[in-house]
Amino acid sequence: MVDVGGDVGALVILTPPDLHGAEIELSPADSEEVRTHVAVRERLGPGATMHAAVFPSLAAGSYTIWDPASRPIAQVTVTGGQVAQFSWPDL
């Protein structure tokens with residue numbers, strides 16, 4: 001379940017299965033030390049199983065995605081009222 005609307009959006013990060021259980025961190029692009037994290041989980045859908053980290057409620061803005069080894073891997077933009085999606089590199 002995601003909670004979006006107004007200036008709040010969400011982010012879904014699709015990952016390979018080998019990241020199942022790993023913690024993915026996210027920080028505002030201008031504030032690396034302020035991070036939140038979620039675990040990668042298996043997501044069952046109609047006819048498919050995927051692995052994803054879901055950040056269900058984020059203030060609109062630019063964010064840095066950090067890998068489990070705490071290295072920055074990408075920048076994403078979250079828009080209020082929408083769900084942004086990012087595919088892990090080499091997915």
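The values are calculated or read from the model by the stated rules, or taken from the named source; none is laboratory data. None of these values were measured; they are calculated from a predicted model. When we count neighbours, we look across all protein chains shown, and the Cβ atoms used for this are built from the backbone with ideal geometry, even at glycine. The accessibility values were calculated without ligands, DNA or RNA, using every heavy atom of the protein model including side chains. Shrake-Rupley method; radii C 1.70, N 1.55, O 1.52, S 1.80 Å.
Quick notes on this structure:
- Odd one out for residue 64, checked against (1) polar (S, T, N, Q); (2) assigned to a strand (DSSP E or B); (3) more than 15 Å from residue 88 (Cβ to Cβ); (4) open to solvent by less than 60 Å² (accessible area, probe 1.4 Å): (3)
- Matching entry among 88, 66 (being closer than 23 Å to residue 1 by Cβ and touching a residue at least 24 places away in the same chain (Cβ under 8 Å)): 88
- Checking each residue in region 43-53 for being surrounded by 12 or more Cβ atoms within 10 Å (Cβ to Cβ), hydrophobic (A, V, I, L, M, F, W, C) and either at pLDDT below 95 or in a loop (DSSP other than H, G, I, E, B) (or both) picks out only 50.
Matching residues to (1) closer than 23 Å to residue 81 by Cα; (2) open to solvent by 60 Å² or more (accessible area, probe 1.4 Å); (3) modelled with pLDDT of 95 or more; (4) within 10 Å of the chain's Cα centre (by Cα):
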residue: 8; (1), (2), (3), (4): yes, no, yes, no
residue: 24; (1), (2), (3), (4): yes, no, yes, yes
residue: 28; (1), (2), (3), (4): yes, no, yes, no
residue: 31; (1), (2), (3), (4): yes, no, no, no
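- Flag for residue 74 being in a strand (DSSP E or B), surrounded by 15 or more Cβ atoms within 10 Å (Cβ to Cβ) and hydrophobic (A, V, I, L, M, F, W, C): no
- Pair list, Cβ < 7 Å and 6+ apart or interchain, from region 1-15 residues that are among the charged types (D, E, K, R) to residues that are assigned to a strand (DSSP E or B): 3/56; 3/57; 7/59
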